[in-house]
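These notes concern the structure reproduced below.
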Amino acid sequence: MTRQKIILDCDPGHDDAIAMLLAARSPALDLRAITVVAGNQTLDKTLNNTLKVCSFAGITAPIAAGMSRPLVRRQVVAGHIHGASGLDGPDLPEPMVAPVPEHAVDLIIREVLQAPGEIILVPVGPLTNIASALIREPALPANLGGIVLMGGGITKGNVTPAAEFNIFADPEAAHVVFESGVPLTMVGLDVTHQSIPTAEELRRIKEIEHPVARLIDELLQFFGQTYRQNFGFAGPPIHDACAVAQVIDPTVIKTRRVNVAVETRGTYTYGMTVCDLHGVTGREPNADVGIELDRQRFWDILLDGIRAYQM
């Protein structure tokens, strides 16, 4: 079986950590690198969280630090969701691994150009690293196998009524990515809000006898608490793992091909992903937009990924 080469671009973040853990052990994926961006917290914190999780789980993929602030806008973080560290809750040991000296943007460009058409980028944070790579290297779009991103939404936001956090944190970068011409799949809130675990799914995680399973349980406990407090949700959406699962099995999310434009000017809609579901603008479709999650398949993929750490 050919393993799909990916670079995971993240800003840990509780759901980022789960996405990392899934990507590193899936037999369907070849995790070439983990690149880190500022987002849920500042870059020093998201990088430290990445190093901690990878050290704890024995993940050996190269880790590279990237952009520390958005392309244009003032920086925002999500401490009210992920805590002051960006990964509050679990008490992880200090990292035993270090980042590579190469900048994340340079690493992305190098890896993609060395394997033309073979690498899918999976950004699950703000798109600053990805946009910076596309701007710096004009040959990148033609050499990418695709981008599967977690961000945006068709009908909803979570940081404003219109905008999802990853896009709102750097709308100008998102605009660059959506206009790049790269084959693009958008895994937005309409899909990820379907991933909230049931009591049965949480029980199945607890039954897995491994430190990584216990870590994920602790991540979900903290994440679930902040989602109940801030949004009244019954549990935490596993946003970022949905994007990884879509690369593992492209049937896990039902998509619709539409044009997506990113709003970078609106007073009330800044950061909105405007999805032209009915073709009223006449603009050419530029993204496959997720509309429905196969929950059972998603949770089978995630639980299999957690169990893989027992082997």
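Since every read-out is calculated from the coordinates, none of them should be taken as a lab result. Small disclaimer: the values here were computed from a predicted structure and weren't measured. Glycine gets a Cβ as well: all are built from the backbone with ideal geometry, and neighbour counts include every protein chain shown.
Yes/no per residue for (1) among the aromatic types (Phe, Trp, Tyr); (2) closer than 19 Å to Glu218 by Cα; (3) assigned to a loop (DSSP other than H, G, I, E, B):
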{"position": "Lys52", "(1), (2), (3)": "no, yes, no"}
{"position": "Pro70", "(1), (2), (3)": "no, no, yes"}
{"position": "Glu94", "(1), (2), (3)": "no, yes, yes"}
{"position": "Pro101", "(1), (2), (3)": "no, no, yes"}
Phe178 is checked against (1) surrounded by 18 or more Cβ atoms within 10 Å (Cβ to Cβ); (2) touching a helix residue (DSSP H, G or I) at 6+ places or on another chain (Cβ under 9 Å) and fails just one. What number does that condition carry? (2)
(1) more than 30 Å from Gly83 (Cβ to Cβ); (2) touching a Pro at 6+ places or on another chain (Cβ under 6 Å) all hold for Asp288 apart from (2)
Tell me, yes or no, whether region 135-148 has at least one residue that is touching a helix residue (DSSP H, G or I) at 6+ places or on another chain (Cβ under 6 Å), surrounded by fewer than 23 Cβ atoms within 10 Å (Cβ to Cβ), of a type outside the set (S, T, N, Q) and in a loop (DSSP other than H, G, I, E, B). yes
